[in-house]
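Enquirer: A single structure is presented below for examination.
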Amino acid sequence: MIDVKLESVSKRFTRSGEAAAVDDVTLTIAAGEFFTLLGPSGCGKTTTLRMVAGFYFPTAGHIHFGEQDVTRLAPNKRDTGMVFQNYALFPHMSVAQNVAYGLKVRKVSRADTARRVAQALTEVHLDGYGTRRIDELSGGQQQRVALARALVIRPRTLLLDEPLSNLDAKLREETRTEIRRIQRESGTTSLYVTHDQAEAMAMSDRIAVMRSGQVQQIGTPREVYHEPANAFVARFIGRSNVLSLPVTSAEATRVGVALPGGGRVTATAPDGHGLGEGDTALVAARPEHVVLVSPEEPDAIRGTVTGVEFTGMATHVTVDIGAGADGDVTVAAVDVPDRVDVGDRVGLRLPAERLWVVRP
Ligand SMILES: Nc1ncnc2c1ncn2[C@@H]1O[C@H](COP(=O)(O)OP(=O)(O)OP(=O)(O)O)[C@@H](O)[C@H]1O
Ligand SMILES: [Mg+2]
């Protein structure tokens, strides 16, 4: 097992003043780790992955596999296994021939190839499928063949670019569990790319949240969810409410803010963010931590319900609280009285222990 290091890696496709597709990215994927690049379309995920694979060379910066500098090494010298969105399997070959492809290129003996292909098919739970044609398989099975083909060469790193996007919702969830199981068993250092935050949270050891070519935050799923570094991460991961509130007091890691309803509450600001009295703080609150109360309750934030959405697990109630917030506040309540409806006046309470001050 090896770690993978990106040091100040940038990629510009044009000489003109256009923004870099990947802008000064520094991160380390620990040996055996399942690491995900997460961000909206066009933020530079695929470009970053392609530089790790060797399909693009960085405009600046360095990439190391363990001790080896691979920045300008040809892709076929890197020992990477790749899995793509569109499977990229050979449709005219059988499952076994597809999986054997990388071994054939590496001139592995016939006996060893047969043994390793059989083992790889067992690992992805496709025993007995070796002689099938690719077009006789479901999408999920095809994606597992692609995974077997990537892993059979025993790559130093496994690179996966949106491998689940072509699958329907249920198969996507099953296949992501499978991918993670297989990755854990093989212990291969893995870089995964997705724009789906739920998928990233469910699968990853750590996530790098990207925006416009730059890394916004690197952390475990719990860290990026509960302790977002800035407003972008707070909104991109889950459905955060981000309120602009006047600061009334500031200590080292706690900031007091005034609420629209007249109340005051203290929020956690990890390193103070340099905020002082009179400044405006951006306070993030998860929908599941906002409490729906009576509008009569003292110091409640009062507003008007603009939407009620039943999701099965919870009911999302969206409340327009007027000036002071940049947008509506969404409450995800497990028990919402049936009588709450669009147009109702309601009160909201923000529990201080769950409020997190983010950077703009
Ligand atoms: N070969 C290329 N030539 C010029 N520009 C490119 C090239 N490939 C990507 N770009 C640009 O670089 C930026 C990052 O693209 P990239 O494909 O890395 O995004 P992404 O995060 O993978 O997006 P998506 O989620 O849509 O796949 C985009 O603005 C894109 O238009
Ligand atoms: Mg992409």
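The values are calculated or read from the model by the stated rules, or taken from the named source; none is laboratory data. In this text, all values refer to a predicted model and were calculated from it rather than measured experimentally. Positions of Cβ are backbone-derived with ideal geometry, glycine not excepted, and every protein chain shown enters the neighbour counts. For the accessible areas, the whole protein counts, side chains as well, though only heavy atoms, and no ligand, DNA or RNA atoms are used. Shrake-Rupley method; radii C 1.70, N 1.55, O 1.52, S 1.80 Å.
Enquirer: Leaving out ligands and nucleic acids, and using a 1.4 Å probe, what accessible area per residue does the chain come to in Å²?
Expert: Spelled out: the 1.4 Å probe surface of the chain, per residue, equals 47 Å².
Enquirer: Please state the relative contact order of the chain as a whole percent: Cα pairs under 8 Å, 6+ residues apart?
Expert: 15 percent.
Enquirer: Next question, about the same structure. For the stretch 239-358, what class follows from the C-alpha gyration tensor (a ≥ b ≥ c being the square roots of its eigenvalues): rounded when a/c is under 1.5, otherwise prolate if a/b is larger than b/c, else oblate?
Expert: Prolate, because a/c is 1.5 or more and a/b exceeds b/c.
Enquirer: While we're looking at this one, here's another question. For Gln216, which sequence-distant residues (separation of 5 or more, or a different chain) have an amide H within less than 5 Å of its own amide H, given hydrogens modelled in the peptide plane?
Expert: Amide H neighbours of Gln216, under 5 Å, 5+ apart: Val209, Met210, Arg211.
Enquirer: Let me check the size of the stretch 141-226 from its C-alpha atoms; what are the radius of gyration and Dmax in Å?
Expert: Just the Cα atoms of the stretch 141-226 yield Rg and Dmax of 13.2, 38 Å.
Enquirer: Taking the Cα atoms only, what angle lies between the long axis of helix 139-151 and the longest principal axis of the chain, rounded to 10 degrees?
Expert: Once rounded, the angle reads 60 degrees.
Enquirer: Which whole-Hz ³J(HN,Hα) couplings does the stretch 253-269 yield from phi under the Karplus relation 6.51 cos²θ - 1.76 cosθ + 1.60, θ = phi - 60°, glycine and proline marked x?
Expert: Result, ordered by residue: 10, 10, 10, x, 10, 8, 9, x, x, x, x, 10, 8, 9, 10, 7, 10 Hz.
Enquirer: Expressed as a fraction of 2.2 N^0.38 Å, the rule-of-thumb size for a compact globular protein of N residues, what is the C-alpha radius of gyration of the stretch 178-325?
Expert: Normalised Cα radius of gyration, the stretch 178-325: 1.25.
Enquirer: Ignoring any ligand, DNA or RNA, what whole percent of the accessible area of the chain comes from carbon and sulfur when the probe is 1.4 angstrom?
Expert: 49
Enquirer: On to the next question. Could you check what % of the DSSP bridge pairs in the stretch 239-358 are antiparallel, to the nearest 5?
Expert: 95
Enquirer: How large are Rg and Dmax for the stretch 20-163 when calculated on the C-alpha trace, in angstrom?
Expert: 16.3, 48
Enquirer: I need the peptides 172-181, 229-238 ranked by packing, meaning the mean over residues of other C-beta atoms within 10 angstrom, with the highest value on top.
Expert: Packing proxy ranking, top to bottom: 229-238, 172-181.
Enquirer: For the chain, what is the Kirkwood hydrodynamic radius in Å, using each pair of distinct C-alpha atoms?
Expert: Taking the inverse mean of 1/r over all distinct Cα pairs, the chain comes out at 22.9 Å.
Enquirer: On to the next question. Taking every pair of alpha-carbon atoms in the stretch 5-55, what share in percent sits in each 10 Å bin, from 0 to the bin with the longest distance?
Expert: 23, 56, 19, 3
Enquirer: Next up: What percent antiparallel are the DSSP beta bridges of the chain, to the nearest 5?
Expert: Within the chain, antiparallel bridges account for around 75 percent of the total.
Enquirer: Cα-Cα pairs above 17 Å in the stretch 1-91: how many percent?
Expert: 51
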